[in-house]
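One structure is given here, and the rest of the page talks about it.
The values are calculated or read from the model by the stated rules, or taken from the named source; none is laboratory data. Just so it is clear, the model here is predicted, and its values are computed rather than measured. Note that we place each Cβ from the backbone using ideal geometry, even for glycine, and neighbour counts take in every protein chain shown.
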Amino acid sequence: MFSSLCCENKVYKNLVNGQWIDSNTGNLIEIFSPVDDSIVGKIQAMSKKEVDFAIENAKEAQKSWRTIPVNKRAQILYRAAELLEEKTNDIAEIMMREIAKDKKSAVSEVQRTADYIRFTADAAKSMEGETIPADSFPGFNRSKISVVTREPLGVVLAISPFNYPVNLSASKIAPALVAGNSIVLKPATQGSISALYLARVFQEAGLPAGVFNTITGRGIEIGDYCVTHPSVDFINFTGSTEIGKRISQISTMKPLLMELGGKDAAIVLEDADLELAAKNIVAGAYSYSGQRCTAVKRILVVDSVANVLVKKLKFKIEKLKVGNPLQEQVDIVPLINVKAADFVEGLMKEAQEKGAKLIIGGRREGNIIYPTLFDNVTLDMRLAWEEPFGPILPIIRIKDRDEGIAIANKSEYGLQASVFTKDINSAFYIADKLEVGTVQVNNKTERGPDHFPFLGVKSSGIGTQGIRYSIEAMSRPKAIVINIGD
Ligand code: NAP
Ligand code: G3P
């Protein structure tokens with residue numbers, strides 16, 4: 001597969017039971033580049049029958065995979081990390097074409113993923129069980145002891161989004177595998193080719209046949225079938241809140257780990273280092289054109305320092321390079337598709353119609369939205385509440401930190417938030433009251449480093465990722481109680 005990288009006539013197969021197979025449907029999905037509309041390759045639109053085969057095969061393969069010692073599973077992960085690193089530039093090139101990611105971010109994603117896989121293997125080897133004597137509980141003595149180990153759950157269905165097709169697939173695959181599960185990966189259609197190269201890496205690393213199978217096809221056509229499949233034991237989903245809520249409604253009794261949408265606020269207080277705040281906000285809001293769940297998606301700034309902050313933000317936004325990631329290193333790239341660009345444009349127009357002050361940007365060329373900053377955004381505007389997944393940032397002026405907390409918590413989302421202040425007591429006062437998974441103090445909102453807990457509350461998710469947390473989420477305790485005669 002690596003020999004001939006993506007080229008327009010390349011048809012990508014799926015990995016099932018250790019073989020790369022074509023779908024019998026003969027239905028292919030053409031993947032076009034958001035950069036120049038050139039064809040990147042074709043993927044299979046698998047049938048429900050083929051989904052059955054991939055999942056049932058994974059179920060069968062898991063029975064022996066669970067018996068492989070953790071140190072052997074870890075060895076395969078170390079090899080996968082090594083192979084991934086060797087192929088960094090190849091896979092980065094594919095991502096640049098398939099999801100219009102700039103080269104620096106694409107290379108960083110692949111390298112981060114190799115580190116993630118290695119760290120996961122290390123973590124698994126140090127995760128032991130426990131023994132619990134009964135006599136700490138009233139009425140019991142030391143004749144009873146519980147020996148607790150961790151068990152895999154079975155077949156993990158991993159569903160990943162377009163924006164991190166390698167990292168947000170591997171962040172499901174590696175912990176699932178090292179815990180003894182088998183994995184069936186359904187990547188985002190736009191991102192499938194990048195994800196299939198990752199699957200190839202895991203196969204070459206020595207995974208037994210069937211332990212890792214892939215399913216490609218449009219979520220709208222096979223998604224419901226996958227998430228309600230009787231042989232799926234766990235669903236690890238990253239994507240939009242809309243789809244996440246749908247999955248949680250129909251996948252009865254299946255344990256879920258979900259990372260969904262966000263509307264991360266940057267709260268800037270009057271004593272903040274405004275230069276630091278501006279630097280972090282611009283990096284946090286506009287990298288990969290804001291197509292990150294943890295992007296800074298609103299600024300709540302105390303009015304007394306807002307004008308100075310606006311000037312600093314504008315100065316830095318003006319320096320952002322807009323263009324074609326295949327031609328040069330750029331900051332702002334085309335959005336993933338026309339629908340995404342239309343959505344962002346709609347938010348821009350509504351904000352302007354309702355009186356928001358355009359500071360910079362507000363322009364669109366094809367799928368490129370120029371980095372945009374609005375001041376004086378009010379709470380009646382969609383931009384104050386909706387997730388753009390694009391390079392557009394609203395400034396909402398507040399009178400004090402309590403108003404900032406109230407507005408931040410009014411959002412349906414609860415992924416992350418940033419607080420910029422020099423007063424650590426104020427930082428903790430705010431952090432304590434924010435209804436989010438993570439509060440960044442004097443830094444942009446972001447997921448890494450990947451061993452930190454990463455979670456969303458409210459409409460931003462269910463459960464906690466982060467290497468050890470993910471291994472725990474995709475495994476369970478097994479208690480063996482020894483009753484020793486008196
Ligand atoms: P999306 O449209 O929700 O798609 C995510 C995944 O779900 C894709 O693989 C998609 O397949 C699949 N899918 C679609 N319909 C499905 C169904 N009925 N059942 C099962 N799976 C289905 O999200 P996206 O456009 O890829 O990513 C953008 C959104 O995801 C944003 O809201 C962003 O905030 C969120 N996101 C969150 C995080 C996080 O860590 N919290 C990270 C990245 C993205 P198809 O591609 O074939 O439709
Ligand atoms: O949207 C993907 C989410 O996981 C963000 O990751 O590392 O860019 O904060 P990061």
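Here are the numbers for this structure:
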| quantity | calculated |
| --- | --- |
| Any hit, the range 46-62, residues being farther than 30 Å from Asp224 by Cα, surrounded by fewer than 18 Cβ atoms within 10 Å (Cβ to Cβ), in contact with a helix residue (DSSP H, G or I) (Cβ under 9 Å, 6 or more places away or on another chain) and of a type outside the set (A, V, I, L, M, F, W, C) | no |
| Residue within the range 400-413 that is among the hydroxyl-bearing types (Ser, Thr, Tyr), in the same structural domain as Leu335 (by TED's automatic domain parsing), closer than 20 Å to Leu309 by Cα and outside any loop (DSSP other than H, G, I, E, B) present | no |
| The lone exception for Gln190 - which of (1) surrounded by 15 or more Cβ atoms within 10 Å (Cβ to Cβ); (2) more than 16 Å from ligand 2 (Cβ to nearest atom) it fails | (2) |
| Near pairs, Cβ below 9 angstrom, 6+ apart or cross-chain, from the range 432-456 (under 17 Å from Arg298 (Cα atoms) and hydrophobic (A, V, I, L, M, F, W, C)) to any residue that is away from ligand 1 (no atom under 16 Å from the Cβ) and part of a loop (DSSP other than H, G, I, E, B) | Val441/Thr421 |
| Flag if Phe237 is assigned to a loop (DSSP other than H, G, I, E, B), of a type outside the set (Asp, Glu), under 14 Å from the mean Cα position of the chain (by Cα) and in the same structural domain as Glu60 (by TED's automatic domain parsing) | no |
| Criterion (within 14 Å of ligand 1 (Cβ to nearest atom) and not β-branched (Val, Ile, Thr)) met by exactly one of Leu153, Leu168 | Leu168 |
| Unmet requirement for Gly262, which otherwise passes all of (1) in contact with a helix residue (DSSP H, G or I) (Cβ under 8 Å, 6 or more places away or on another chain); (2) within 16 Å of ligand 2 (Cβ to nearest atom); (3) not in a helix (DSSP H, G or I) | (1) |
| Pairs with Cβ under 8 Å, 6+ apart, first in the range 22-40 and within 19 Å of Tyr288 (Cβ to Cβ), second of a type in the set (Asp, Glu) and surrounded by 17 or more Cβ atoms within 10 Å (Cβ to Cβ) | Ile31/Glu98; Ser33/Glu98; Val40/Glu98 |
| Condition check for Gly244: buried (at least 20 other Cβ atoms within 10 Å of the Cβ) and either part of a loop (DSSP other than H, G, I, E, B) or within 9 Å of ligand 1 (Cβ to nearest atom) (or both) | yes |
| The one condition in (1) more than 16 Å from ligand 1 (Cβ to nearest atom); (2) farther than 22 Å from Val107 by Cβ that Lys297 fails to fulfil | (1) |
